[in-house]
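Following: one structure in structure tokens, then a few remarks.
Just so it is clear, none of the values below were taken in a lab; they were calculated from the coordinates. These figures come from a predicted structure and were not determined experimentally. No Cβ is skipped: glycine too gets one built from the backbone with ideal geometry, and neighbour counts run over all protein chains shown.
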Amino acid sequence: MVMASYNLLLSRLTCKAWNLYRLLFLLLLVSTLSFASRAHYEPTFNIRSDFPRENPWIKRLLKQSHTIFKTHFAHEFSETPKKITVIIKKDARMRRISGGASFQNNQLHFKSDIWQDDRYRRWILIHELVNLLSAHYGSEAYPSDWWSNGRSPFPVFVTAIILKELRYSKDAHWLRHEYKNKKDHELYWKLYEQYGTKIFRNLFYYLKRDGIDLSYMGKKWPHPDKNRSLYLIGYLSLSAGENLAPLFQKHDIGKRPNDWHKRHKEIIFRTYTITSEDVEQFIAAQLKMQFSQDKKYIKRFQQGSF
């Protein structure tokens, strides 16, 4: 079924290109399936906290969460940081939690007035770990309007999966239904329902293998950018074996999110559309890049121009 849909996706390309991509797709299936059983080393979590009594359960949660993330998303070119520093600061003025992840120095940083083993702190710890690992496994600068940075549908989705596998069923149920009325959040569950987590593992694989760094692409991140979105939707289509542009349009990707002003009020959102033809052109260009000896063309493709 997957191969049949993949053949349909490539039907507008030349016969030679179609045959080459069939071979590449089969090789990808073999490599990702065989690699799933390979072991990666486990990172060391160095916790620097103003709440030191909480360190044991924090470290345990992060180690277990990393193992689950690795099981779902590890691929041939995955890069696991050797050490992750976790910084938790106390701010008595706060009545909420804030957090972030820094790819450059492999840090997770949080701030709150209290720190205890509850669903909100379990959620944000795993959430930011997912952000950090996604950058290492794939790329930095995922689209701010439908993947990360404030709105964060992808890390919310993965965090819910990890919480469920850790048997925090109530936490997972809460997170799954907290954003149920948001189309971009539901998009990830639709992809998961149809393709499982392997569609994202394959996406990470493609980004690393092809040398794609989304931070060099289009408008400076976190500005929304059509080309940055096209690359991800194109690679997800390759991963799924079918053109996913209609599905992304159905979930309003490219339209201004209702809560955009709460997250990025300083950035004007300019609507864009990723069409099926855009994805077909991307696939043809990506195939050309795979077999090109032209270093300038390869560089242009890696930076979002084809």
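Annotation: aspartates and glutamates with alpha-carbon distance below 13 angstrom to Lys170 (same-chain offsets under eight excluded): Asp118, Glu178.
For Tyr216, neighbours were defined as the other residues whose beta-carbon sits under 14 Å from its Cβ, and their charges (Lys and Arg +1, Asp and Glu -1) total +1. Taken one residue at a time, the phi angles of the stretch 76-91 give Karplus couplings (6.51, -1.76, 1.60, θ = phi - 60°) of 4, 10, 4, 10, 9, x, 6, 9, 10, 8, 10, 10, 10, 9, 8, 9 Hz. Gly and Pro are set to x.
Amide H to amide H, with H built 1.01 Å from N, Val86 comes under 5 Å of Asn46, Ile47, Arg48, Leu108, counting only residues 5 or more places away or on other chains. Each residue of the stretch 233-306 gets 109 Å³ once the volume of the Cα convex hull is shared out per residue. Taking 17 Å as the straight-line reach from the Cα of Lys220, the lysines in range (excluding those fewer than 8 positions away in the same chain) are Lys265. Taking the 0 to 90 degree range and rounding to the nearest ten, how far is the long axis of helix 276-290 tilted relative to the main principal axis of the chain, both from C-alpha atoms? Roughly 80 degrees, rounded to the nearest 10.
Coupling constants for the stretch 212-217 follow from the phi torsions by the Karplus curve (6.51 cos²θ - 1.76 cosθ + 1.60, θ = phi - 60°), and in residue order they are 8, 10, 5, 6, 8, 9 Hz; glycine and proline get x.
On alpha-carbon atoms, Rg over Rh for the stretch 200-263 using Kirkwood Rh? Over the Cα atoms of the stretch 200-263, Rg/Rh equals 0.99.
Relative protection proxy for 65-76, 285-296, from highest mean packing down: 65-76, 285-296 (other beta-carbon atoms within 10 angstrom). Of the labelled options [x] 67.2; [y] 16.1; [z] 17.5, which one gives mean projected area of the Cα convex hull in nm² as computed for this structure? Correct label is [y].
Straight-distance candidates among the lysines for linking to Lys288, with alpha-carbon spacing under 23 Å and chain neighbours fewer than 8 residues away dropped: Lys16, Lys208, Lys226, Lys296, Lys299. The count of lysine pairs in the stretch 65-115 with alpha-carbon distances below 25 Å, taking only pairs 8 or more places apart or on different chains, stands at 6. What do you get for the angle between helix 198-209 and the principal long axis of the chain? Use alpha-carbon atoms, 0 to 90 degrees, nearest ten. Long axis of 198-209 versus the principal axis of the chain: about 80 degrees.
Rounded to whole Å, the principal axis extents of the Cα atoms in the stretch 59-125 read 45, 25, 15, largest first. Highest mean packing first, where packing is the average number of other Cβ atoms within 10 Å per residue, the peptides 226-232, 99-105, 272-278 line up as 226-232, 272-278, 99-105. Sort all Cα-Cα distances of the stretch 139-277 into consecutive 5 angstrom bins from zero, then give the percent of pairs in each bin up to the one containing the longest distance. Result, from short to long distances: 2, 10, 19, 23, 22, 15, 8, 2, 0 percent. Along the stretch 137-144 the Karplus relation, 6.51 cos²θ - 1.76 cosθ + 1.60 evaluated at θ = phi - 60°, assigns HN-Hα couplings of 7, x, 7, 7, 6, 5, x, 6 Hz to successive residues, with x for each Gly and Pro.
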